[in-house]
1. Does segment 200-217 contain any residue that is in contact with a His (Cβ under 8 Å, 6 or more places away or on another chain), surrounded by fewer than 23 Cβ atoms within 10 Å (Cβ to Cβ) and modelled with pLDDT of 95 or more?
2. Out of the residues in segment 161-178 that are outside any helix (DSSP H, G or I) and in contact with a helix residue (DSSP H, G or I) (Cβ under 9 Å, 6 or more places away or on another chain), which is farthest from TYR32 (Cα to Cα)?
3. Based on what the data block shows, is LEU109 at pLDDT 95 or above, assigned to a helix (DSSP H, G or I), within 18 Å of the chain's Cα centre (by Cα) and not basic (Lys, Arg)?
4. Can you tell me which residue is surrounded by the most Cβ atoms within 10 Å (Cβ to Cβ) among those in segment 78-105 that are in contact (Cβ under 8 Å) with a residue 40 or more places away in the chain, within 19 Å of the chain's Cα centre (by Cα) and more than 18 Å from GLY240 (Cα to Cα)?
5. Answer yes or no as to whether LYS236 is surrounded by fewer than 18 Cβ atoms within 10 Å (Cβ to Cβ), at pLDDT 95 or above and under 23 Å from SER114 (Cα atoms).
6. Could you list, in sequence order, the residues of segment 1-20 that are outside any strand (DSSP E or B) and either of a type in the set (A, V, I, L, M, F, W, C) or surrounded by fewer than 19 Cβ atoms within 10 Å (Cβ to Cβ) (or both)?
7. Picking from PHE178, PHE121, PHE185, which residue would you name as being in contact with a strand residue (DSSP E or B) (Cβ under 6 Å, 6 or more places away or on another chain), buried (at least 23 other Cβ atoms within 10 Å of the Cβ), among the aromatic types (Phe, Trp, Tyr) and within 27 Å of VAL81 (Cβ to Cβ)?
Amino acid sequence: MIIDFHTHIYSKAVRENREKYFPSEPAFKLLYDSPKSKLVSAEDIIAVMDEQGVDMSVVFNFPWKHSEIFKKENDYIMEVVQKYPDRLIGFCCFDAFSNDAVSETERCLDAGLSGVGELAFYQSGIDEEARKKLSPIMEICRKKDMPILIHTNEPVGHAYPGKTPNTLAQIYSLAKEFSENKIVFAHWGGGIFFFNLLKKEVRENLKNVWFDTAASPFLYVPEIYPLAKSLAGTDKILFGTDFPLLKPSRYFKEFEQAGLSKPDIERICGVNAANLLKI
């Protein structure tokens, strides 16, 4: 089974009138102002899954600031998961700073969604105040034993839309503070798994952290895969495309270039996600 752990889909209202949301949602404008930035539906992603041999996808929306928007978009995620239960796995998404973030977490998970994410802190990074806002959300996920997906990125290198000011210290502080939660760090966790090489503390605090591969072909050379296998462990890597940013075939090609074995590819592409999601 192949499971894409990181994809974005949007309702018809957003897909057909994205400009309406730009004035009140600056982060959304930053990522989707360009017409080259695609917005797709559940049917669009299923068509590509069929084409590319993907069995299931984890779908989510965007961390909107305004609750009236994220509630409607989370409703869309719930609707399509109910419509395509054998193909789509839904996460709920919102701005963690919203006054409705906690109640939305409870509403969506009680309604059958399978986790929270991709939560992002585009302006602040994952600073102390962000972690305070995450705390009650993390508590709900911990009690329900559900994963939470957090946007992270490498703190060095070239700039691009959606690159946040997070630091490795912030990423690590999040993992340490919520070490009993099942956390997925998007985009390889900014490379935090390198510090598993330290003799003290880090490996233990990252014991419940997974790393997805979203946008990897744009960010890293294929050698990232054997290095991540060695430093994080093959069982902690999750295949994620960031679709529609990239199609799965780009990743499959890099798996071959990296020299991954068939068992490694099977774990990364589906076994690990199935275990995490209890499929």
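1. Scanning segment 200-217, I find at least one residue that is in contact with a His (Cβ under 8 Å, 6 or more places away or on another chain), surrounded by fewer than 23 Cβ atoms within 10 Å (Cβ to Cβ) and modelled with pLDDT of 95 or more, so the answer is yes.
2. The selected residue is PHE178.
3. yes
4. ALA96
5. Against the criterion (surrounded by fewer than 18 Cβ atoms within 10 Å (Cβ to Cβ), at pLDDT 95 or above and under 23 Å from SER114 (Cα atoms)), LYS236 does not qualify.
6. Listed by number, the residues that qualify are MET1, ILE2, ILE9, LYS12, ALA13, VAL14, ARG15, GLU16, ASN17, ARG18, GLU19, LYS20.
7. PHE185
For (1) closer than 18 Å to ILE183 by Cβ; (2) at pLDDT 95 or above; (3) not in a loop (DSSP other than H, G, I, E, B), each residue gets a yes or a no:
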residue: GLY240; (1), (2), (3): yes, yes, no
residue: TYR251; (1), (2), (3): no, yes, yes
residue: PRO263; (1), (2), (3): no, yes, yes
residue: GLU266; (1), (2), (3): no, yes, yes
residue: ILE279; (1), (2), (3): no, no, no
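The values are calculated or read from the model by the stated rules, or taken from the named source; none is laboratory data. Just so it is clear, the model here is predicted, and its values are computed rather than measured. Neighbour counts run over all protein chains shown; Cβ positions are idealised from the backbone, glycine included.
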